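Reading through the structure tokens given below for one structure.
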Amino acid sequence: MIALFLRDLKLSIRAGGGALIGVLFFMTIVAVIPFGVGPDLNLLARIGPAIVWIGALLSALLGLDRLFQAEREDGSLDLLLMHETPLVLTVAVKCLAHWVGTSLPLVIASPLLGLFMNMDETAIAAVMLTLIVGSPAITFIGAVGAAVAVVLPRGGLLVSILVLPLTVPVLIFGVSATYAAVQEPAPFMPPFLILVAITLFFAALGPAAAALALRNSAE
Amino acid sequence: MIALFLRDLKLSIRAGGGALIGVLFFMTIVAVIPFGVGPDLNLLARIGPAIVWIGALLSALLGLDRLFQAEREDGSLDLLLMHETPLVLTVAVKCLAHWVGTSLPLVIASPLLGLFMNMDETAIAAVMLTLIVGSPAITFIGAVGAAVAVVLPRGGLLVSILVLPLTVPVLIFGVSATYAAVQEPAPFMPPFLILVAITLFFAALGPAAAALALRNSAE
Amino acid sequence: MSENSLAITKFSDLANPTRFLTLVARLLPWMAGTTVLLFALGLYLGFAAEGDYQQGETVRIMYVHVPAAWLSMMCYTVMAASAIGTLVWRHPLADVSAKTAAPLGAGFTLIALITGSLWGKPMWGTWWVWDARLTSVFVLFLMYLGLIALNRAMDDPSKAARVSAVLILVGFVNIPIIKFSVEWWNTLHQPASVVRLDGPTIDPEFLRPLLVMAVAFTVLFFTLHLAAMRNEILRRRVSAQRRLAARMAAREA
Amino acid sequence: MLLTAESLAARRGEDLIFVNVSFRLGRGEALVLTGPNGSGKSTLLRVIAGLLPAETGHVSIAGEGVESGSRPGEFSHYLGHRNAMKKELTVGENLRFWQVFLGDAPGGSAMTIEDAADTVGLGGITHLPFGYLSAGQQRRFAIAKLLVAYRPIWILDEPTAALDASADRMFADLVTRHLAAGGIALAATHQPLGLEGAQQLRMTGFAGVDAEVWA
Amino acid sequence: MLLTAESLAARRGEDLIFVNVSFRLGRGEALVLTGPNGSGKSTLLRVIAGLLPAETGHVSIAGEGVESGSRPGEFSHYLGHRNAMKKELTVGENLRFWQVFLGDAPGGSAMTIEDAADTVGLGGITHLPFGYLSAGQQRRFAIAKLLVAYRPIWILDEPTAALDASADRMFADLVTRHLAAGGIALAATHQPLGLEGAQQLRMTGFAGVDAEVWA
Amino acid sequence: MSHAFYVYASYVVTVIIIGCLIGWTWLDGRARQQELRTLEASGIRRRSAKPADETKS
Ligand code: HEM
Ligand SMILES: Nc1ncnc2c1ncn2[C@@H]1O[C@H](COP(=O)(O)OP(=O)(O)OP(=O)(O)O)[C@@H](O)[C@H]1O
Ligand SMILES: Nc1ncnc2c1ncn2[C@@H]1O[C@H](COP(=O)(O)OP(=O)(O)OP(=O)(O)O)[C@@H](O)[C@H]1O
Ligand SMILES: [Mg+2]
Ligand SMILES: [Mg+2]
């Protein structure tokens, strides 16, 4: 399993450039939004957490749809399916490697973007914390889409469409926990705990559903 | 050439379901945003153009990197390279097909999204106009990256570094032309003309550079 | 040879579309009749009743809006149940049921969305707000369309059914979000007043036509669903026979 | 070790590709599948590997070290049309990954990566990226993959495609040694593999349209 | 039609794979490349097709209807290890695309798609998606691609991989007919193709490190 | 605009959408039955009505 993790990580660093694409895309988004909002720094600070979260969500989508498709094209998927470790575990490990390869860099880059967006320290810390807790959920949900994409000749957009609606709860609670940390009356813990719960829920459901889809995609 | 155009179009439609998919994808992104930034209609109207442009960028990026790689993997690229039509033309046609298959539906759907984002008529018209003029530039830039990706078996990093920064000007002038159309003092024409110039520039440079990269990708 | 037909006989005992078709042929006219009667009754009750003092005439939108909204969720539930049938029992009729419910669900969701907007304009002063209930219904609509697109993108029907079943089940998380969004978030939208634990809080004058319309919509849904399932079965039968014919021709040649 | 298939049938799309295929393979026995293109050789191998569901019938495995009810796939190597190696990684990285990931099945032990590369006749080039090799060299390393993790059952789909004559002999040797050590091999092929005493199964293809459900 | 190669050399990475390869092929002549895995057969074919730059030497083509200075690639079909067909499209769509895109070279005319499919023995299944075919069926349709657009030169890299015995014969027939009609064929192969009177070229591989520049 | 407008608009929309659903289902059903009839007329019969041997190679 560790071997699989390391291989996937190596591949994403060497070939896909997952990390850098994500961060650059993220930066592009953050660079463009101020044009819409105008030079109003306060407003920027206010929508900052939301923008960072949305950016993280969208850039996680970029390489996710080929998580299993690349494996199928070179025949590796067959061997992964035949192996005795439960498929759920294999999928979970692949998700983890993908997360480390693409989402973690985003989390690490987020303080920088927070600065760009004129957010204060609490907000930055809160965004980082919620991202680190919430972004795995996005990967796990995306894995289901990626598994479905294996049967589709070309995944791409269709997968994103199927996946995005499911990520809405993650986004809602991630953003609202961040705002709760900044704005006084609202308590931080309830939405944050819900976020944790969502991540745990999808950590269980996502790989299981993806494994189910992969098993049924036999051809 | 028309055959190539039709084939590529058919492929992009067959795989995901076609124009509908682009629209759906876009709607999904737009539907996700309010969950992040909150239901403030004024704010939405203000960031609307930026969001629509980012959506266009994202959808162009999803799938563009495999423009030539898919051709190489099944061996079609060899035959395209051997054919007597100038390679630049072949590349341009493939770009066009990609644009028609993925970006055009977005352009067509953008008024609908403008309505969702509570934008007014001028803004909607301006977004549509800038998108139709500017989005081909993204495709052409992406084509260079896609061609480079074919050359380097492990060249993903380079592609992202190359492509995303180049798209930033397109995005910035596209968005600022839209805002100029809405907000009174700023004139619409200057940024719009720059956008046109950028697109023309990349329409010439992109296919040529991509063809050059492909010729040197021989292996 | 005999093993072949033996195996298949066992299979067809499990799921017998032929028997299903006869059943549908018997049921459909009755259900269609019931639908028409219920709609007549519901519309009569609805338009005979007084207008709401607060909402004025527009309360009549409720008689289509609320049943359609309920059905949009119920249809998804039907699909989720069929998805379980597909994955657990590999029942071919479950495949057909899930596939044919999606367009119907999309239709009812669209009705809920449009009538909701039409109600929102006079009541809230805007066609659309991005509050939790409205957006989650919109997301439901997108999911229906996505599932339809997914089904169209694959041409092996049984594989398509199994894969979309997985997605249907995962997407089921959206249903509780729609149902409870008004309670979890402060929204413009009305909280539940009919389907709630402590009994309906709505005026019986409005409740009666509403319930009749709800039943009418439900029967309409099942009528359409059965008919669509029949069509899908026929479609598959046609394609199976075409294939067989093509193979036979190839064999003789 | 005993691999048993009982009245297997499999479907591709709506067509039944074969019905009522049964066989038993014990230690040291091999089964060679032949038949024209599209007759269902690959399909049968994938059903045995557990990669395609059987329409009817089932495959089972028994022997020491095998819990009853195990999937045969867990004790098998599958060498398909595609090589299951990543172009971006070097040959060494690819082989090492599969060695660690697959691990040895009980009852045998595997070669080191260098030995396996030597065995397939390509000793010194494990440092090259897999994508830089010729078709035959790639296939040879895919065969080396069979050697770096022990599996009693080898499921081989046109293993000698793209191999030259000397590699063909090398491969026949490998399979013979695997059988002599008590292994089992199943191979689909269009060229004689040079295995003596192997059972033969000739596939014919298309056993009927599975239309009964809808008819 | 005359295809001439003069003292070709080609490089892969830093290695010179072959040096000083020359040949002339006129109407109706064929060249068969043999040699062990990795000896440079595919490399030579790709150089001739113009897909790899030659290190030294060059390939030229002459004949009626050929402007001087034309690239030989424009008058050639190249059948590589990969089939150049899209899995997502049906066989018919794939073939039609190549037929229209490639067009006929001057001096010959091609078959219709149905005829080509019949010729490779798979008449009735052009409506299936290419990805649904077995390995050999896919290869057969890749061969049918050679028939739907006329090209005087055929460059074939292990054309009979995955083909069954009857398809092998069918293919040998096709090439013979192509040669009889004045075509030229170059093929790299590990199995005898059954072409009579073809020139043979045995590749040996690795002709030295191309260190000249740095030495 | 009068409230009646919104009420009637929503009923009209509902009728249109439901009409489309019903119409599509009905037309689809007729087309399928037609297809089946042509198939049967052209001599292709249900497999269950056939001696099973014919389908085996
Ligand atoms: C596009 C906009 C709208 C959408 C998507 C929408 C959606 C829904 C949904 C999904 C339900 C079912 C809720 C449940 O069973 O708990 C519902 C019920 C209801 N809606 Fe809407 N709605 C919209 C606009 C409106 C407007 C503008 C009004 C009136 C001011 C309204 C009034 C109601 C009422 C009274 C109910 C019944 C609640 C109950 O008794 O349970 N809706 N709507
Ligand atoms: N893309 C590549 N990049 C670098 N080196 C390569 C590449 N492809 C092949 N080579 C090397 O070039 C040499 C010749 O390869 P080539 O593919 O021409 O051999 P071949 O004779 O076709 O062998 P086979 O019979 O296995 O197909 C091999 O040693 C191989 O390692
Ligand atoms: N993915 C698929 N989806 C649908 N049908 C398929 C698929 N793969 C193969 N088939 C069909 O199943 C049949 C058997 O294919 P299979 O690959 O088992 O043949 P094979 O004996 O291995 O042939 P070959 O010698 O060409 O490799 C063929 O008729 C083919 O059209
Ligand atoms: Mg095969
Ligand atoms: Mg070769």
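Quick rundown of the values:
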read-out: Filter result for the condition that a residue is within 28 Å of D:Ala161 (Cα to Cα) and acidic (Asp, Glu), over E:Glu64, E:Glu88, E:Glu74; value: E:Glu88
read-out: Any hit, segment B:28-51, residues being within 14 Å of chain E (Cβ to nearest Cβ), surrounded by fewer than 21 Cβ atoms within 10 Å (Cβ to Cβ) and touching a helix residue (DSSP H, G or I) at 6+ places or on another chain (Cβ under 9 Å); value: no
read-out: Test for A:Ala125: is it surrounded by fewer than 24 Cβ atoms within 10 Å (Cβ to Cβ) and either acidic (Asp, Glu) or modelled with pLDDT of 85 or more (or both); value: yes
read-out: Out of E:Ala54, E:Ala105, E:Ala110, sole residue that is in contact (Cβ under 8 Å) with a residue 40 or more places away in the chain, in a loop (DSSP other than H, G, I, E, B) and touching a strand residue (DSSP E or B) at 6+ places or on another chain (Cβ under 6 Å); value: E:Ala54
read-out: Residue within segment B:109-126 that is over 30 Å from C:Trp128 (Cα atoms) and in contact (Cβ under 8 Å) with a residue 12 or more places away in the chain present; value: no
read-out: Members of segment B:78-104 that are closer than 26 Å to B:Ile29 by Cα and open to solvent by 10 Å² or more (accessible area, probe 1.4 Å); value: B:Leu96, B:His98, B:Trp99, B:Val100, B:Gly101, B:Thr102, B:Leu104
read-out: Some residue of segment C:154-161 being farther than 18 Å from C:Val182 by Cα and at the interface with chain B (Cβ under 8 Å from one of its Cβ atoms); value: no
read-out: Options A:Ala211, A:Ala197, A:Ala204; residue that is more than 9 Å from chain C (Cβ to nearest Cβ), surrounded by fewer than 18 Cβ atoms within 10 Å (Cβ to Cβ) and closer than 30 Å to A:Leu152 by Cα; value: A:Ala204
read-out: Identity of the residue in segment E:149-175, surrounded by 19 or more Cβ atoms within 10 Å (Cβ to Cβ) and without any contact (Cβ under 8 Å) to a residue 60 or more places away in the chain, that ends up nearest to E:Lys41 (Cα to Cα); value: E:Thr160
read-out: Search result, residues across segment E:136-176 that are part of a loop (DSSP other than H, G, I, E, B), among the charged types (D, E, K, R) and over 13 Å from E:Gly80 (Cα atoms); value: E:Arg151, E:Asp164
read-out: Tally of residues being open to solvent by less than 30 Å² (accessible area, probe 1.4 Å) and away from chain D (no Cβ under 13 Å) across segment E:91-107; value: 9
read-out: Scan of segment E:136-159 for residues that are closer than 19 Å to E:Val91 by Cα and within 14 Å of chain D (Cβ to nearest Cβ), ordered by number; value: E:Gly136, E:Gln137, E:Gln138, E:Arg139, E:Arg140, E:Phe141, E:Ala142, E:Ile143, E:Ala144, E:Pro159
read-out: Residues that are aliphatic (A, V, I, L, M) and more than 16 Å from ligand 2 (Cβ to nearest atom), drawn from segment D:108-165; value: D:Ala110, D:Met111, D:Ile113, D:Ala116, D:Leu146, D:Leu147, D:Val148, D:Ala149, D:Ile153, D:Ile155, D:Leu156
read-out: Residue match in segment B:61-70 (condition: closer than 19 Å to C:Thr135 by Cβ and open to solvent by less than 20 Å² (accessible area, probe 1.4 Å)); value: no
read-out: Residue identified as part of a helix (DSSP H, G or I) and either at pLDDT below 85 or within 13 Å of A:Ile132 (Cα to Cα) (or both) among A:Gly101, A:Gly63; value: A:Gly63
read-out: Check on B:Val93, within 12 Å of chain E (Cβ to nearest Cβ) and either under 11 Å from B:Gly142 (Cβ atoms) or under 18 Å from the mean Cα position of the chain (by Cα) (or both); value: yes
read-out: Filter result for E:Gly73 (modelled with pLDDT under 95, open to solvent by less than 10 Å² (accessible area, probe 1.4 Å), more than 16 Å from ligand 3 (Cβ to nearest atom) and assigned to a helix (DSSP H, G or I)); value: yes
read-out: Segment C:119-151, residues that are facing another protein chain (nearest Cβ under 8 Å), in contact (Cβ under 8 Å) with a residue 12 or more places away in the chain and more than 22 Å from the chain's Cα centre (by Cα); value: C:Trp119, C:Pro122, C:Val129, C:Asp131
read-out: Per-region count, segment C:220-244, residues small (Gly, Ala, Ser) and within 12 Å of C:Val24 (Cα to Cα); value: 2
read-out: Cβ pairs under 7 Å, 6+ apart, first in segment A:59-84 and under 27 Å from D:Ile153 (Cβ atoms) and facing chain D (nearest Cβ under 8 Å), second outside any helix (DSSP H, G or I) and among the hydroxyl-bearing types (Ser, Thr, Tyr); value: A:Asp78/D:Tyr78; A:Leu79/D:Tyr78; A:Met82/D:Ser76; A:Met82/D:Tyr78
read-out: Subset tally (residues that are among the charged types (D, E, K, R) and either part of a loop (DSSP other than H, G, I, E, B) or more than 14 Å from chain E (Cβ to nearest Cβ) (or both)) for segment D:1-46; value: 5
read-out: Which numbered condition D:Tyr78 misses (of (1) on the phi > 0 side of the Ramachandran plot; (2) surrounded by 23 or more Cβ atoms within 10 Å (Cβ to Cβ); (3) not in a loop (DSSP other than H, G, I, E, B)); value: (1)
read-out: Complete set of residues in segment D:160-177 that are touching a helix residue (DSSP H, G or I) at 6+ places or on another chain (Cβ under 8 Å) and away from chain E (no Cβ under 11 Å); value: D:Phe171, D:Leu174
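The values are calculated or read from the model by the stated rules, or taken from the named source; none is laboratory data. From a predicted model like this one, the values you see are computed outputs, not experimental measurements. Note that each Cβ is placed from the backbone with ideal geometry, even for glycine, and that neighbours are counted across all protein chains shown. Just so you know, the surface numbers come from the protein's heavy atoms only, side chains and all, with ligands and any DNA or RNA stripped out. Shrake-Rupley method; radii C 1.70, N 1.55, O 1.52, S 1.80 Å.
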